[in-house]
Amino acid sequence: MTPADWTLLDKHTTGPLLRPADAGFRESSAAFNERWAHREPTAVLRAADAADVLRAIEWARDHAVPIVPRGGGHSYAGHSVNSGLVVDLRALDAIAVDPATARVTVGGGVLTGALYAALRPHGLALPLGNGAGVGIAGLALGGGSAATSRRFGLTADTLRATTLATAAGAVLTCDAEQNEDLYWACRGGGGGNFGINLDLTFQAVPAPAASTCLLLWEDVHALEVLTAVQQLMLTAPEETSLRLGAARSGGRTLVSAVGLHLGPAAELRELLAPAFAAGAPLRAEIADRSFWDAMEYLQHETSGGAFAVRTHFAARPLPPQALAAALAHLAAAPPSGNADGCGLALFGWGGAINRVDPAATAFAHRDAQYLVSLDTSWLPGEDPAPHLAHLAGLDHLLAPHATGGAYLNFTDPDLRDWRAAYYGANYPRLVATKRRHDPDGLFAFPQSIGS
């Protein structure tokens, strides 16, 4: 690859082509997870429009250069960065809301926070995640779990159409009537596998009133609370969603229950009675909020640094003996300068998520009651080995009580049998779709479909 080749791409695109010495290069290429801070592309194209994306695909294909799209850049495994060409989509940020149909069309670079802001004046809601800087395309293409998913489904379940730029340079409308195979694959098959999504259209719903909760307990109550709240999550109405966690940081373990109820705070407080009975909380906040104030309250950002996550799905509560072993393991965690520390979390699943047939979309995990997430973190410069070993030990304690699946959007680069874990029985159909639309594997990265 010569400088002249890159000059050719720069000449035929509107957006700037950034090289490592250029201002803004790192902003458009740095991995969110600093575990992958060493990864650096040869160039970043800040695509100005769809035409730029198509020219980038054609150029990459003709020059045999790896190409990867980047929206929010939040891939846990650093897949938003490669060694070749990164196509930064953030300028594709148009949002069009049709109040008559509640259909919402967004550009491929739109971030979750911007979409929240655009929906609010129309009183509409979508099941979106809790990170304002997360790209909506990556969220939806990998499934997309939200606090409202037990009531409204996954983000992918609300996707009604997407426009895809393919490896062949075609622009395809993908919906229930056109290019149905790609439409199916884009609802849970993962971003960057089949092309570059130029826009996505979702079906929104009226935003309901809501209430939220934040409860914290000291570790003396940990086992009783984890046991009781798991059962509460299993029997709660689908209007209620809780994230139950045990986090170790600064030599201290805290248990938390953070949640959303699409109803009044009085109902939520009554639902939480078993949690209060399990142990007196250190802190308890339960309040009525507008839907959008509730979404802002639930926003969450990590402290940064480097981290690793291991996920499972569970069909039944984790048993007390496994929880006790996990809590003891957390108490022996290696020290870290990262304030995020380490821990485990259970996200309420079920409800509307499970009413979709596992084969109806590429997202196969439709029988779980919990998403189980295990994590560890450290700072750049710290040795990751003890933290990764600790995570593996925690996983060893809890994995026998899970179904064996894993959540694609919390991508785990250390996962061995990732094909079955992410996609289950849907993987062969995804491979067939990949070979049909990208036979030469232009869109490739670690854990990409067909690799």
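Before moving on, here are some points about what is shown:
- Test for HIS437: is it more than 16 Å from ARG35 (Cβ to Cβ), touching a Phe, Trp or Tyr at 6+ places or on another chain (Cβ under 8 Å) and either β-branched (Val, Ile, Thr) or not assigned by TED's automatic domain parsing to the domain that holds SER80 (or both): yes
- Members of the range 365-388 that are free of Cβ contacts under 8 Å to residues at least 24 places away in the same chain and of a type in the set (A, V, I, L, M): ALA385
- Residue among ALA278, ALA314, ALA328, ALA322 that alone is farther than 28 Å from GLY133 by Cα, without any contact (Cβ under 8 Å) to a residue 24 or more places away in the chain and of a type in the set (A, V, I, L, M, F, W, C): ALA328
- Filtered residue count, the range 116-134, keeping only those that are over 15 Å from the mean Cα position of the chain (by Cα) and either surrounded by fewer than 22 Cβ atoms within 10 Å (Cβ to Cβ) or not aliphatic (A, V, I, L, M) (or both): 8
- Check on ALA91, of a type in the set (Gly, Ala, Ser), in contact with a His (Cβ under 8 Å, 6 or more places away or on another chain), over 24 Å from GLU239 (Cβ atoms) and surrounded by fewer than 23 Cβ atoms within 10 Å (Cβ to Cβ): no
Residue-wise test of (1) of a type in the set (Ser, Thr, Tyr); (2) over 24 Å from ARG252 (Cβ atoms); (3) at pLDDT 95 or above.
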site: GLN299; (1), (2), (3): no, no, no
site: GLY304; (1), (2), (3): no, no, no
site: ALA308; (1), (2), (3): no, no, yes
site: THR311; (1), (2), (3): yes, yes, yes
site: PRO317; (1), (2), (3): no, yes, yes
site: GLN321; (1), (2), (3): no, no, yes
site: ALA324; (1), (2), (3): no, no, yes
site: LEU330; (1), (2), (3): no, no, yes
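- Failed criterion for HIS396 (all others in (1) touching a residue at least 12 places away in the same chain (Cβ under 8 Å); (2) over 26 Å from ILE353 (Cβ atoms); (3) not in a loop (DSSP other than H, G, I, E, B) hold): (1)
- Screening HIS38, HIS12 for residues that are more than 22 Å from LEU141 (Cβ to Cβ), without any contact (Cβ under 8 Å) to a residue 12 or more places away in the chain and not basic (Lys, Arg) leaves exactly one candidate, HIS38.
- Per the conditions (1) among the β-branched types (Val, Ile, Thr); (2) closer than 28 Å to PRO319 by Cα; (3) assigned to a strand (DSSP E or B); (4) in contact (Cβ under 8 Å) with a residue 60 or more places away in the chain, the sole criterion not satisfied by THR201 is (2).
- Single unsatisfied condition, LEU45 versus (1) surrounded by 20 or more Cβ atoms within 10 Å (Cβ to Cβ); (2) in contact with a Gly (Cβ under 8 Å, 6 or more places away or on another chain); (3) assigned to a loop (DSSP other than H, G, I, E, B): (3)
- Scanning the range 374-382 finds one or more residues that are surrounded by 22 or more Cβ atoms within 10 Å (Cβ to Cβ), of a type in the set (Phe, Trp, Tyr) and either assigned to a helix (DSSP H, G or I) or modelled with pLDDT of 95 or more (or both).
- Neighbours by Cβ (under 6 Å, 6+ apart or cross-chain): first from the range 228-248, farther than 20 Å from CYS342 by Cα; second of a type in the set (D, E, K, R): GLU238/ARG150; GLU238/ARG151; GLU239/ARG151; SER241/ARG150
- All positions within the range 75-85 that are over 20 Å from the mean Cα position of the chain (by Cα) and surrounded by 21 or more Cβ atoms within 10 Å (Cβ to Cβ): LEU85
- Selection count, the range 420-451, where residues are of a type in the set (A, V, I, L, M), closer than 25 Å to ARG61 by Cβ and assigned to a helix (DSSP H, G or I): 3
- Filter result for the condition that a residue is of a type in the set (A, V, I, L, M, F, W, C), outside any helix (DSSP H, G or I), surrounded by fewer than 22 Cβ atoms within 10 Å (Cβ to Cβ) and not assigned by TED's automatic domain parsing to the domain that holds ASP199, over ALA60, ALA21, ALA51: ALA21
- Hey, ALA273 surrounded by fewer than 20 Cβ atoms within 10 Å (Cβ to Cβ), out of contact with any strand residue (DSSP E or B) (no Cβ under 9 Å at 6 or more places or on another chain), modelled with pLDDT of 95 or more and among the small types (Gly, Ala, Ser) or not: yes
- Lone unmet requirement of (1) under 18 Å from the mean Cα position of the chain (by Cα); (2) surrounded by 20 or more Cβ atoms within 10 Å (Cβ to Cβ) for VAL225: (1)
- Unique residue being among the hydrophobic types (A, V, I, L, M, F, W, C) and over 25 Å from the mean Cα position of the chain (by Cα) when the list is LEU262, LEU271: LEU271
- Residue match in the range 184-198 (condition: assigned to a strand (DSSP E or B), hydrophobic (A, V, I, L, M, F, W, C) and under 30 Å from PHE291 (Cα atoms)): yes
The values are calculated or read from the model by the stated rules, or taken from the named source; none is laboratory data. These numbers were taken from a predicted model, which means no experiment stands behind them. A quick note on method: Cβ atoms are made from the backbone with ideal geometry, for glycine too, and the neighbour counts reach across all protein chains shown.
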